[in-house]
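Have a look at the structure below, then the notes.
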Amino acid sequence: MLYLFFSALFFSFTIFTHLFWCRFKKGEELHITSFVVISLIFLLGYFATARFLIAGQDDLTGIWVLPLEMTAAVFYIFCIPFFLVFYYSTTIDSPSRRTIALLREKGTLTYEELSREITDDKFIMTRLNPLVEFGYAQFDGKYFRLSPRAIFSCRVIKVYQKLLGRPLGG
Amino acid sequence: MSLDSIILQSALGGLLAYLFVHFLVFRFLESKAIIKWLMNVYFIGAVVNVAGYLSFIWFKTELIGPHNFGTTIFCGLLSFVVYSLMCYFYVLYIFGIYESSIRIRIMREFYNALPNGLTLEELLSRYNADYILRTRLERLVGSGEVTFDGVKYHIGKCPFIFLMLDYMACAIKKITIKS
């Protein structure tokens with residue numbers, strides 16, 4: 001229990017440190033790398049606490065000192081992507097989320113009314129432009145082409161598709 | 001074998017069962033059945049997770065102590081939480097990205113056009129907002145989060161995931177935006 005407690009405590013420190021880091025950084029972009037770095041630093045903090053503080057607690061018994069050092073570390077590691085989903089969603093709008101938000105706001109909507117809100121400009125162009133900006137696609141003024149690293153990613157995804165046996169998603 | 005490895009191995013066993021059933025079943029599913037089957041497969045994996053944990057404990061009673069019922073339950077719950085986090089990671093960062101990421105689909109369209117490129121018009125003729133809306137509505141109606149009466153779409157049962165995402169996103173935004 002102590003291991004879990006410290007794992008949760010250090011992960012809370014990670015979240016708060018990162019949120020305040022974002023608050024004092026310029027720009028509206030997502031700070032994913034800084035989150036990962038901060039969480040790794042606090043993970044080291046957890047391991048140090050686990051080895052030097054908890055392991056030496058001979059006076060505690062029962063559920064408090066169950067030897068769960070690795071379980072608590074795995075718990076911490078999987079909390080990182082868990083939190084990142086919420087963090088991503090502050091800037092990236094998904095069509096499903098938008099549809100639900102519209103229906104909650106208006107009550108009922110026809111397909112045509114919904115399609116006025118789910119447009120190419122809002123959901124295709126906002127994804128296409130960053131692909132070019134971050135070097136996954138190249139644009140020569142007329143044609144879009146994949147960059148070599150994006151071709152590699154697509155090959156990996158194609159292998160996954162073969163395993164899964166499903167048509168193209170999207 | 002330590003208690004740590006029993007918890008992690010039974011969680012991993014649950015995940016492997018989850019992946020096995022997932023790869024077996026999902027090739028036959030239509031879009032509208034996906035969300036429902038994600039939950040079904042999750043429960044199947046959870047049964048394997050719990051069964052694996054209990055069988056480990058049965059043979060390694062000395063790790064917990066023969067009469068410590070509370071500790072057994074606590075470690076079982078922990079194993080279940082770790083299994084759930086692993087499934088969550090797979091669904092959101094691997095399957096979810098494949099199944100519903102717009103960026104990945106755009107990249108796949110460019111990949112299919114290799115060695116040539118695609119103009120914007122060609123891309124939009126293959127993949128566009130209309131396609132996105134249709135598949136999303138199909139999934140949402142299939143999961144019951146949205147209902148359709150033949151003419152209009154209505155909000156269905158409480159779309160918990162989306163409400164939670166909105167709530168958390170708002171909270172994070174409030175904290176990170178400078179005063």
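Values in this text are rule-based calculations from the coordinates and carry no lab data. Source: prediction; values computed, not measured. Note: ideal-geometry Cβ built from the backbone for every residue, glycine included; neighbour counts use all protein chains shown.
Taking the longest Cα principal axis of chain B as reference, the axis of helix B:3-25 is set at about 40 degrees. The share of Cα pairs per 20 Å bin across the protein assembly as shown, counted from zero up to the longest distance, runs 24, 54, 21, 1 percent. Taking only the alpha carbons of segment A:2-88, we obtain Rg and Dmax values of 14.8, 50 Å in that order.
Need one word for segment A:95-164: rounded, prolate or oblate. Basis is the Cα gyration tensor (sqrt eigenvalues a ≥ b ≥ c); a/c below 1.5 gives rounded, then a/b vs b/c decides. Oblate shape, in that a/c is at least 1.5 and b/c is the bigger or equal ratio. Each of B:Trp37, B:Leu15, B:Phe95 was placed along the dipole of segment B:3-100 (beta-carbon charges, centred on the mean Cα), and the one lying farthest toward the positive end is B:Trp37.
Extension gain, B:Phe23-B:Lys152: 0.36 nm per intervening residue step, less the Cα-Cα distance, totals 43.0 nm. Rounded to the nearest 10 degrees, the angle from helix B:34-59 to the longest Cα principal axis of chain B is 20 degrees.
Simple spin-label estimate for B:Glu30 and A:Leu9 gives 5.4 nm between the two label positions (7 Å along the Cα-to-Cβ direction from each Cα).
Computed over segment B:3-100, the alpha-carbon pair-distance distribution with 10 angstrom bins reads 16, 44, 24, 12, 3, each value a whole percent. With the simple model of a label 7 Å out from the Cα in the direction of the Cβ, A:Thr91 to B:Leu114 spans 2.8 nm.
Considering only Cα-Cα distances, which of the following residue pairs are longer than 22 Å: A:Lys106/B:Lys152; A:Lys122/A:Lys158; A:Lys158/B:Lys36; A:Lys142/A:Lys162; B:Lys36/B:Lys157?
Numbers: A:Lys106/B:Lys152 12 Å; A:Lys122/A:Lys158 27 Å; A:Lys158/B:Lys36 25 Å; A:Lys142/A:Lys162 32 Å; B:Lys36/B:Lys157 13 Å.
The answer is A:Lys122/A:Lys158; A:Lys158/B:Lys36; A:Lys142/A:Lys162.
Computed about the Cα centre, the dipole magnitude for segment A:1-151 is approximately 300 debye when only Lys and Arg (+1) and Asp and Glu (-1) carry charge, each at its Cβ.
Pull out a ≥ b ≥ c, the square roots of the eigenvalues of the alpha-carbon gyration tensor of segment B:108-176, then state rounded if a/c is under 1.5, prolate if not and a/b is larger than b/c, and oblate in the remaining case. All intermediate terms of the calculation are to be shown ahead of the outcome.
On the way: a/c = 3.34, a/b = 1.48, b/c = 2.26.
Oblate.
Projecting the Cα atoms of A:Tyr3, A:Phe82, A:Ile118 onto the charge dipole of segment A:1-145 (Cβ charges, centred on the Cα centre) puts A:Ile118 farthest toward the positive pole.
Please sort through the DSSP H helices of chain A and keep those with an alpha-carbon extent of at least 30 Å along the long axis and a Kyte-Doolittle average not below -0.5.
On the way: long enough: A:2-23 (31 Å, 1.40).
Helices passing the filter in chain A: A:2-23.
Estimate the FRET efficiency between A:Glu133 and A:Ile63 by the formula 1/(1 + (r/R0)^6), using the beta-carbon distance for r and 45 Å for R0, to the nearest 0.05.
Details: r = 51 Å, r/R0 = 1.14.
After rounding to 0.05, the efficiency reads 0.30.
Seen from every direction in turn and averaged, the convex hull around the alpha carbons of chain B projects onto 16.9 nm².
Spin-label model, B:Tyr90 to B:Asp130: label points 7 Å out along the Cα-to-beta-carbon direction sit 3.7 nm apart.
What size of dipole, in debye to the nearest 20, comes out for the protein assembly as shown about its Cα centre when the only charges are +1 on Lys and Arg C-beta atoms and -1 on Asp and Glu C-beta atoms? Display every interim value, and only then the final one.
On the way: 34 positive and 26 negative charges, 129 e Å.
Dipole magnitude for the protein assembly as shown comes out near 620 debye.
Taking all Cα pairs closer than 8 Å and separated by 6 or more residues, the relative contact order of chain A comes to 20 percent. With a cut-off of 12 Å, note down the residues of segment B:93-124 whose backbone N falls inside the zone around a label point 7 Å from the Cα of A:Lys158 toward its beta carbon. Only B:108-115 fall inside the zone, counting backbone N under 12 Å.
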